[in-house]
Amino acid sequence: MALEQDRIVQVLQDVWAELLAVEVAEDDDFFELGGYSLLIVNVVAEARRFGVELSSNDVFLHKTPKAIAAALTGGSAPQDAAPVGSAGWDFADVWATGVAPMAVPPTSNLVPLATGGTETPIFCTHWGTGNVGFMRKYVDRFRGDRPAYGLEMIGLRTRVRPPVSVVEAATRYLAEIRTVQPQGPYLFLGLCTGGRIAYEIARQLEARGEQVALLAVVNTLPPGVRELDPGWGLREVYDFRGAGVREKFGVSNPADDPQRLLDAMRELEWVDEEVVAEELPWRQLMWAAGIFGHENYEAQRYGGDVTVYQSREVADRPDSAWDHLVRDAEAYTFSAPTTLDVVRDPAFAEALAKKLTTL
């Protein structure tokens, strides 16, 4: 039986009060109280435990217990809140613009970052937004006399529907890597969630008897660490990601000023320079598919070593240790706050360059 509006308000006040450790009134804004994107996962799970069928978008769009309850019981949404499916960002609409992998010839996802050099190449796996071309600005700081290649997300440019499995993606990337370097030793640098892809590639190579000389990751939480509700499907992850974009960049509707949104994403290197605003809904779907795959990746143990370059925020997390998955984990911690800041940090480049000279 559907809950009454007053009961929903009370449930949300109680849940927020417990999670945020503050008193909550019916008109209090979740984010102004100190709430943040990932905490919404807990809000949704707890609310559903009390019978409130809440989605992450309800919190992002309506923000207060009273407004959320009104929306859930048939009331009107605030005037500045765009519905989830607005402006061509609806999951079903965007998914329909993709093509099945078997419907088109396969294309390469290998991106040359720096082609000069005579030593063993280094391969950089993309981070959560799927792009890797921005690393052209940074690889010369550490690569030495070796070529550098990037692996960008499958379907990023071709609109082929992406795999939602880290194992499948890693298998396909490895086939491309071997067209450039048929045999080891191999060198990998994984960026943020891309560190898990690099890990799986290294594990597959180890299973084939190949040598991996370097598995390095930047701000990567080890496989098995979950951030989202395990019951969420791809649509829910997509909606969560889209709502997070709205909140992060202060837009109620991405279609209102897509160029401003694109420019802001470029500043963060979330998209490369050639991307146009019309591609953003598809990029959103790609990001969601990547997140879904990483959330559901059940890794096998890797018998080699991992070198971890991380921000202080990641290093301080109790679930950031890799020791249970690898033979040995060597960690370097930097004051830089984000993955991009770590990559830009001269101390990171110096540490990685020094590591590469020992191989």
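The values are calculated or read from the model by the stated rules, or taken from the named source; none is laboratory data. Note that the structure is predicted; figures quoted are calculated from it, not measured. In this analysis, Cβ positions are derived from the backbone assuming ideal geometry, glycine residues included, and neighbour counts consider all displayed protein chains. With ligands, DNA and RNA removed, areas are computed over all heavy atoms of the protein, side chains included. Shrake-Rupley method; radii C 1.70, N 1.55, O 1.52, S 1.80 Å.
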Exercise. If you plug each phi of region 261-270 into the Karplus form 6.51 cos²θ - 1.76 cosθ + 1.60 with θ = phi - 60°, what whole-Hz ³J(HN,Hα) values come out, in order, with x for Gly and Pro?
Worked result: 5, 4, 4, 5, 5, 5, 4, 8, 6, 6
Exercise. So who's got an amide H within less than 5 Å of the one on VAL160, skipping anything under 5 residues away but keeping other chains? H placed 1.01 Å off N, in plane.
Worked result: VAL99, GLY155
Problem set entry | Nonlocal amide H pairs with CYS124, under 5 Å, H built at 1.01 Å | TYR149, GLY150, LEU151, LEU189
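With only Lys, Arg, Asp and Glu charged, each at its Cβ (+1 for the first two, -1 for the last two), find how big the charge dipole of region 274-332 is about the Cα centre; round to the nearest 20 debye. Can you show the working numbers first?
Values: 5 positive and 12 negative charges, 22 e Å.
That gives region 274-332 a dipole magnitude of about 100 debye.
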For this session: Pop out the ³J(HN,Hα) list for region 151-168 in order, Karplus 6.51 cos²θ - 1.76 cosθ + 1.60 with θ = phi - 60°, rounded to Hz; leave Gly and Pro as x.
Result: 10, 9, 4, 4, x, 4, 9, 9, 6, 6, 4, x, x, 10, 10, 4, 5, 5
Problem set entry | Sequence ranges 146-152, 297-303, 307-313, ranked by mean other-Cβ count within 10 angstrom, highest first | 146-152, 307-313, 297-303
Exercise. So what is the relative contact order for region 200-359, in percent, with contacts set as C-alpha pairs under 8 Å and at least six apart?
Worked result: 31
Exercise. Among ILE197, ILE291, ILE68, which one shows the biggest mean-square fluctuation in a GNM of the chain, springs joining Cα atoms closer than 10 Å?
Worked result: ILE68
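Ignoring ligands, DNA and RNA, what accessible area per residue does the chain give at 1.4 Å, in Å²? It would help to have the intermediate numbers written out before the result.
Details: 15910 Å² over 359 residues.
Averaged over the residues of the chain, the accessible area is 44 Å².
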Seminar exercise, completed: Count of lysine pairs, the chain, Cα-Cα under 24 Å, sep. 8 or more residues or interchain, comes to 4
Exercise. Can you give the translational diffusion coefficient of region 4-151 in µm²/s, computed by Stokes-Einstein from the Kirkwood radius over Cα pairs at 25 °C and 0.890 mPa s?
Worked result: 127
For this session: Rounded to whole Hz and in sequence order, give me ³J(HN,Hα) for region 305-315 from the Karplus expression 6.51 cos²θ - 1.76 cosθ + 1.60, θ = phi - 60°, writing x for Gly and Pro.
Result: 10, 10, 10, 10, 10, 8, 6, 4, 4, 6, 4
Seminar exercise, completed: Answer in debye to the nearest 20: the dipole magnitude of the chain about its Cα centre, from +1 Lys/Arg and -1 Asp/Glu charges placed on Cβ, is 1460
For this session: Sticking to Cα atoms, compute the Rg of region 1-55 to one decimal and its Dmax as the biggest Cα-Cα distance, whole number, in Å.
Result: 10.6, 32
For this session: Please give the FRET efficiency for VAL104 paired with PHE50, using the beta carbon to beta carbon distance and R0 = 45 Å, rounded to the nearest 0.05.
Result: 0.45
Problem set entry | Selection from ALA47, ALA17, LEU356, by position along the positive dipole direction of the chain (Cβ) | LEU356
Seminar exercise, completed: When the charge dipole of the chain is computed with +1 at the Cβ of Lys and Arg and -1 at the Cβ of Asp and Glu, the Cα pointing farthest to the positive end, of GLY303, ALA70, PRO258, is that of GLY303
For this session: Leaving ligands, DNA and RNA out of it, rank SER335, SER252, SER56 by accessible area with a 1.4 Å probe, largest first.
Result: SER335, SER252, SER56
Problem set entry | Structure-derived semi-axes √(5λ) of the Cα gyration tensor in Å: which label, when the choices are (1) 37, 28, 20; (2) 39, 22, 19; (3) 61, 28, 17 | (2)
For this session: For THR193, enumerate residues with amide H under 5 Å from its amide H, sequence gap 5+ or separate chain, H modeled in the peptide plane.
Result: GLY128
Exercise. Which percent, nearest 5, of DSSP beta bridges in the chain are antiparallel?
Worked result: 15
Problem set entry | Within the accessible area of the chain (1.4 Å probe), percent carbon and sulfur | 50
For this session: Before anything else, pin down the relative contact order of the chain: Cα pairs under 8 Å, at least 6 apart, normalised by residue count, whole percent.
Result: 17
Problem set entry | For region 237-359, size of Cβ-based charge dipole, Lys and Arg +1, Asp and Glu -1, in debye | 280
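Where does each of GLU273, GLU236, GLU23 land when they are ordered by accessible area, with a 1.4 Å probe and the largest first?
Details: GLU273 120, GLU236 60, GLU23 165 Å².
Ranked list, largest accessible area first: GLU23, GLU273, GLU236.
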